[in-house]
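Taking it in order: structure first as structure tokens, then the write-up.
The values are calculated or read from the model by the stated rules, or taken from the named source; none is laboratory data. None of the values given here were measured: they were computed from a predicted structure. Here the Cβ is made from the backbone with ideal geometry for all residues, glycine too, and neighbour counts use every protein chain on show. Just the protein is used for accessible areas: all its heavy atoms, side chains included, with ligands, DNA and RNA removed. Shrake-Rupley method; radii C 1.70, N 1.55, O 1.52, S 1.80 Å.
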Amino acid sequence: MIESTKRRFRLSDGNTLLMWGYLSVAVCVITLCAVIYAQNNMWNFLWFLIPAIGVPCSIIMDKRAEIKCGTKTYLEGLSSRLWGFLGLAQLVVAIVCTVFMFKGINIWLLMGLMSFVLVGFAASVFGMIIKENSMILGGFLSFASGIALTGCRMAGVPITNLAFAILFIAAFAVMFIIPGHILNHKVKTASK
């Protein structure tokens, strides 16, 4: 039963990880290009494309996996709650940033820094749940990058849009894209 759950878990989640990873990287590149080209930070609102596209895609992918494989197991439910909590935490950060914006104070960098920290932490925990070391390590590297970037900002070290984008792309590659491909490879190898 445990092996069956792991196989089912890995198949659907490898694809879900890839979707979130590639989506996040694509939105990062598009946003960076728009901000640099237009010389206007308002283009940073493009970051909201990640949840706007990713959440419906995840729901569809989850429903397809449920139809194909049957009801969810306890571990799958736990994973859904973990990612749901992450989404809620990110929403709280977005609301705080928006409130400060209406007060004339720009703290949107907090949203980016929290993405490194919160998503990295959740990715590591999820990697522990499914016993995937590449995801544990990738999440930890993202978490550590977020803490380092936060320390830089607190010390007055500026973070350029380009530096942020490069770290963001690297973090999402090691958290989602590489583990997603590894999980899908393991599933294909196990099914042969």
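Considering (1) over 15 Å from the mean Cα position of the chain (by Cα); (2) without any contact (Cβ under 8 Å) to a residue 40 or more places away in the chain; (3) under 19 Å from V25 (Cβ atoms); (4) surrounded by 17 or more Cβ atoms within 10 Å (Cβ to Cβ), say which one T160 fails and leave the rest.
(4)
Please count how many residues of the range 34-46 are open to solvent by 60 Å² or more (accessible area, probe 1.4 Å) and within 20 Å of M19 (Cα to Cα). First the steps, then the outcome.
So in the range 34-46, the residues open to solvent by 60 Å² or more (accessible area, probe 1.4 Å) come out as 36-37, 39-43, 45.
Applying the additional criterion that residues be within 20 Å of M19 (Cα to Cα) yields none.
The total comes to 0.
I'm checking my understanding of the structure. Among residues of the range 125-155 that are of a type in the set (F, W, Y) and open to solvent by 40 Å² or more (accessible area, probe 1.4 Å), which one is nearest to I182 (Cα to Cα)?
The selected residue is F140.
Which condition from (1) modelled with pLDDT of 95 or more; (2) of a type in the set (V, I, T); (3) surrounded by 17 or more Cβ atoms within 10 Å (Cβ to Cβ); (4) more than 22 Å from F85 (Cα to Cα) is the one that I182 breaks?
Result: I182 fails condition (1) only.
F116 - would you say it is at pLDDT 95 or above and crowded, with 17+ Cβ neighbours inside 10 Å?
Numbers: at pLDDT 95 or above: yes; crowded, with 17+ Cβ neighbours inside 10 Å: yes.
Taking the combined requirement at face value, the residue satisfies it.
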